[in-house]
1. With just the Cα atoms of the chain, tell me how far they stretch along each of the three principal axes, in Å, largest first.
2. Can you say what percent of the DSSP beta bridges in the chain, counting only those with both residues inside, are antiparallel? Round to 5.
3. All other residues with a Cβ under 14 Å from the Cβ of Asp119 taken together, and with Lys, Arg as +1 and Asp, Glu as -1, what is their net charge?
4. Can you show me the helix-derived [θ] at 222 nm for the chain, built from DSSP H runs with n ≥ 4 at -39,500 (n - 2.57) apiece and divided by the number of residues, rounded to the nearest 500.
5. Within a 10 angstrom radius of the beta carbon, how do Ile171, Ile209 rank from fewest other beta carbons to most?
6. Do any GluC sites (Glu not before Pro) in the stretch 1-87 lie in a DSSP loop with no more than 14 other beta carbon atoms within 10 Å, and if so, which?
7. How much net charge surrounds Gly33 when only the other residues with a Cβ under 11 Å from the Cβ of Gly33 are counted, with Lys and Arg +1 and Asp and Glu -1?
8. Are any of the pairs Lys169/Lys211; Lys5/Lys151; Lys169/Lys217; Lys5/Lys211 more than 24 Å apart by Cα-Cα distance, and if so, which?
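We did not get these values from a lab; they are worked out from the coordinates using the rules stated. Computed from a predicted structure; not experimentally measured. Here the Cβ positions follow ideal geometry from the backbone for every residue, glycine too, while neighbour counts run over all protein chains shown.
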Amino acid sequence: MLELKNISYRIEDKVILDNVNLNIEDHFVAITGPNGSGKSTLAKVIAGIITPTSGRIILDGEDITALSITERANKGISYAFQQPVRFKGLTVKDLMVLAAGKGTNTSEIRDMLTEVGLDPKEYLNRSLDGSLSGGELKRIEIAMIFARSSKLSVFDEPEAGIDLWSFQKLIRVFEQMVQRTKGNVVIISHQERILNIADKIIYLKDGKIEKYDTRDKILPQLLNSVSEDNRNGGV
């Protein structure tokens, strides 16, 4: 279980996260909210990319607030960037083996690439360089985290740059990931189809948690709010 206790993050006089208290213990938690609400910052705080101004982060009873992103990765936290990182000199297969461990065979890697909508014949030995699009890199990164079966997997808007067909496949990948792992999956997303498969939804606004409850309670409220905004905008 992940616990955030009184987490705040400020840049000069601007408050990005404001005294966030949160327990993440469900398999699949989605974080949503308006642009600029602090969602990506919260994900980066969890992953160790950003150090909070104040507060503590507890993973399975251990205080990991001072640990780096590498140390947190060793503790079982995986993070997928909104803009995936390019690894020059490595092939897709190299990266997948590094993620999954040396015991992983080529057949398993092929299956994982297929699950995210990539043809293994075309991508297995591709170099992770500028020849790959952002959408292709995003799918490779998702496959890599799927291969790791981490204690906690954090995805920052995984649907960005993904075409409709691949997005539909992506939903299935996340469903399988939740079923396969005993850990937690946290996804930042605006997409209703992703929110609709979450166990719980966190609604973040102005750096504060405004709502955090089960999907059945939160999603209808969010959809009603969007409908209301659309009606007002049309007046």
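1. 50, 46, 33
2. Values: 21 of 38 bridges.
The antiparallel proportion sits near 55 percent.
3. Details: positive: Lys93, Arg110, Lys121, Arg126, Arg139, Lys169; negative: Asp111, Glu115, Glu122, Glu136.
Cβ neighbours under 14 Å give a net charge of +2.
4. Details: 9 runs with 94 residues, N = 235.
Result for the chain: -12000 deg cm²/dmol, rounded to the nearest 500.
5. Values: Ile171 15, Ile209 21.
Sorted ascending by nearby Cβ count, the order is Ile171, Ile209.
6. Answer by residue number: Glu12, Glu25.
7. Details: positive: Lys39, Lys205, Lys208, Lys211; negative: Asp206, Glu210.
Charge balance near Gly33 sits at +2.
8. On the way: Lys169/Lys211 29 Å; Lys5/Lys151 20 Å; Lys169/Lys217 26 Å; Lys5/Lys211 17 Å.
Beyond 24 Å between Cα atoms: Lys169/Lys211; Lys169/Lys217.
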